[in-house]
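Take a look at the structure set out below.
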Amino acid sequence: MPTYIYAITGADHPLFLNGLHGVGDPPSALRTLRTERLAAVVSDAPSGLRAKRRDVMAHQGVLESLMTGGATLPMRFGLVGPGDDEVTAALEREADAYQERLAELDGRVEYNLKAGRDEDDLLREIMTDSPDLRELNERTRSGGGHDDRVALGELVAREVTARHQREAEDVAARLADVAARSSHAEPAPQQFLNLSFLVSRAETDAFVAAVRREAEQRGDAYTFTLTGPLPPYSFV
């Protein structure tokens with residue numbers, strides 16, 4: 001039977017699983033696969049599993065409980081192995097890599113930051129800073145031809161992309177000192193930043209305060225959305 005995998009821990013990690021259950025309907029029973037150096041918390045994998053709230057919360061509850069006992073490698077929802085023997089073999093085979101990552105994550109959590117900027121505010125800035133774009137924009141508004149309109153659209157699109165990239169790099173650099181690591185993901189169309197940070201539990205207040213200062217300094221045209229603390233999915 002396929003094996004659903006919740007997390008990997010060290011072999012001596014306290015497993016606080018009393019009262020918890022796994023995914024599925026009815027809920028699956030949790031169990032532990034062990035090697036000399038590692039342990040994996042697993043259950044039977046139900047057929048047709050989807051990301052329903054009930055199952056996502058069950059998965060999250062297992063991770064949160066394990067993280068109270070120390071470093072945990074959280075698996076993303078829906079990870080299934082061929083069976084217990086194959087999962088145990090993977091623990092043996094990749095023991096050095098898993099232990100190295102557990103050491104890195106020990107005492108740390110993830111925060112995800114998404115940031116966007118009001119499109120009209122950005123376009124006004126672009127037009128203010130570029131005389132050539134202003135001239136081209138005036139020509140198109142005064143009845144300019146198709147080529148002018150195409151050129152204007154292409155130039156604005158390139159400038160928006162370039163400024164989004166610069167702002168993303170600037171935010172990441174300004175927050176780098178209050179995080180151990182960061183991991184970029186593709187931002188949504190209306191955003192310029194989707195960045196996860198690995199933060200020491202002892203530094204979470206300082207990190208949140210730094211994000212808040214960054215948002216305040218940039219003003220109302222910007223939207224910052226910070227989510228966390230989370231299991232460090234982006235760093236597994």
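Have a look at ALA162, ALA209, ALA188 and point out the one that is free of Cβ contacts under 8 Å to residues at least 60 places away in the same chain and either under 16 Å from LYS114 (Cα atoms) or assigned to a strand (DSSP E or B) (or both).
Result of the check over ALA162, ALA209, ALA188: ALA209.
From the list GLU86, GLU36, GLU92, which residue is in contact with a Lys or Arg (Cβ under 9 Å, 6 or more places away or on another chain) and outside any strand (DSSP E or B)?
Exactly one of GLU86, GLU36, GLU92 is in contact with a Lys or Arg (Cβ under 9 Å, 6 or more places away or on another chain) and outside any strand (DSSP E or B), namely GLU92.
Does LEU33 meet the test of being under 25 Å from ARG181 (Cβ atoms) and in contact with a helix residue (DSSP H, G or I) (Cβ under 8 Å, 6 or more places away or on another chain)?
no
If I go through segment 1-35 residue by residue, how many of them are among the aromatic types (Phe, Trp, Tyr), open to solvent by 70 Å² or more (accessible area, probe 1.4 Å) and more than 14 Å from THR72 (Cβ to Cβ)? Before the answer, list the steps.
If we filter segment 1-35 for residues that are among the aromatic types (Phe, Trp, Tyr), which is where we start, we get 4, 6, 16.
When the remaining residues are screened for being open to solvent by 70 Å² or more (accessible area, probe 1.4 Å), the result is 16.
From what's left, more than 14 Å from THR72 (Cβ to Cβ): none.
Total meeting the criteria: 0.
When you look at VAL199, is it open to solvent by 60 Å² or more (accessible area, probe 1.4 Å), within 16 Å of the chain's Cα centre (by Cα) and over 16 Å from GLY116 (Cβ atoms), yes or no?
no
For segment 40-65, name all the residues that are closer than 23 Å to TYR98 by Cβ, in contact (Cβ under 8 Å) with a residue 40 or more places away in the chain and outside any helix (DSSP H, G or I).
Hits for segment 40-65 are ALA40, VAL42, SER43, ASP44, ALA45.
Restricting the search to segment 1-33, which residues are farther than 14 Å from GLY83 by Cα and not in a loop (DSSP other than H, G, I, E, B)?
Within segment 1-33, ALA7, ILE8, THR9, GLY10 qualify.
Among the residues of segment 36-91, how many are open to solvent by less than 60 Å² (accessible area, probe 1.4 Å), of a type in the set (Val, Ile, Thr) and out of contact with any strand residue (DSSP E or B) (no Cβ under 8 Å at 6 or more places or on another chain)?
Total satisfying the criteria: 1.
The values are calculated or read from the model by the stated rules, or taken from the named source; none is laboratory data. The structure displayed is predicted, hence computed values, not measured ones. All Cβ positions, glycine included, derive from the backbone under ideal geometry; neighbour counts span all protein chains shown. When the accessible area is computed, the model is the full protein with side chains, heavy atoms only, and any ligands, DNA or RNA have been set aside. Shrake-Rupley method; radii C 1.70, N 1.55, O 1.52, S 1.80 Å.
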